Structure formats: structure tokens, C-alpha cells
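Okay, so here's the structure we're looking at.
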Amino acid sequence: MHEAYDPSSFDPIDPPARASASGCVCPACQSRRVVDRDTAKKAGAAIGTIAGAAGGISGALSGVITGAEVGVAIGAVATPVVPPLGAVAGAIVGALSGGIAGCVVGASLGEAVDAAILRNRRCLACGHTFSIAKS
């Protein structure tokens, strides 16, 4: 059975756990205003994007078979008079596809680091950082 919602019972300073993104309570002050920090996830995504984009560009320019060859083929068909534009299109497609793949892998690795090693939660009320034990 569902409870009736009473707007006067909602406290904007300390909202109920169901309004919290992580749904946990601060062990220091018992506030429900807790957010995920995702430090390693953000760093991993950024590093992975840069590394993947660099790998995609170098693969396209060195002739390694990558997704960049699709861009070269499209560029050659779209611009048959100016072949260098096909290579530029290939490098762009290679950078985009490599960057996306690197971002996904880096974010996944960072998420694992956040969960296993770092204090991934921060209380907005008192500033305490903590981890949640796995259930």
C-alpha cells in the first residue's frame, strides 16, 4: 500500500533517501544528502578518450586497418578530385571511433577503481567522504 504524499513533510535541506541519487546515509551526520564523487570514472574516461583518439588518428595515418578506412572510402567517393580529403576524413572518423571506445573502456575501469579503492561518496551536509560496503 502506498503512503499519501504530504508536501509539508518534505524537508528540502535533508530530503528523504528516495530523493538521493545514491540512496545512502552519511555515517558521520546521518544526512541523506549524499552524492557520488566518481573521481576515477571521470579521470579514466578523459584519459581513455585522449588515448583512443590518438590511437585512432595514428592508425588512420599509418595505414593500419581500422574504422578510419571507412572514412577514407567515404572521403574518396565524396571527393574524387581531391584524394587528401579522404585521408582527413579517415583521420577524423578514426579519432572519433577511437575516442569513443577509449572513453567507454576508461570509464568502466575507473568505475571499478571507485567501487574498490576510493571513497566514492560525499555528504553535502558535513563534507564527509566515505565508501559503502558491498552487500
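One table, with the values for the structure above:
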read-out	value
Region 32-88, residues that are part of a helix (DSSP H, G or I), among the polar types (S, T, N, Q) and either modelled with pLDDT of 90 or more or under 28 Å from the mean Cα position of the chain (by Cα) (or both)	39, 49, 58
Residue within region 5-20 that is part of a loop (DSSP other than H, G, I, E, B) and modelled with pLDDT of 85 or more present	no
Residues (outside any loop (DSSP other than H, G, I, E, B) and modelled with pLDDT of 90 or more) located in region 123-135	123
Extreme residue, modelled with the lowest pLDDT, among residues of region 106-122 that are of a type in the set (Gly, Ala, Ser) and under 21 Å from residue 51 (Cβ atoms)	112
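To keep it simple, each residue is scored yes or no on (1) exposed (fewer than 15 other Cβ atoms within 10 Å of the Cβ); (2) in contact with a helix residue (DSSP H, G or I) (Cβ under 7 Å, 6 or more places away or on another chain); (3) on the phi < 0 side of the Ramachandran plot.
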site	(1), (2), (3)
93	no, yes, yes
97	no, yes, yes
102	no, yes, yes
105	no, yes, yes
109	no, yes, yes
113	no, yes, yes
118	no, yes, yes
123	no, no, yes
126	yes, no, yes
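The values are calculated or read from the model by the stated rules, or taken from the named source; none is laboratory data. Just so it is clear, the structure is predicted and the values come from calculations on it, not from any experiment. Virtual Cβ from ideal backbone geometry, glycine too; neighbours counted across all protein chains shown.
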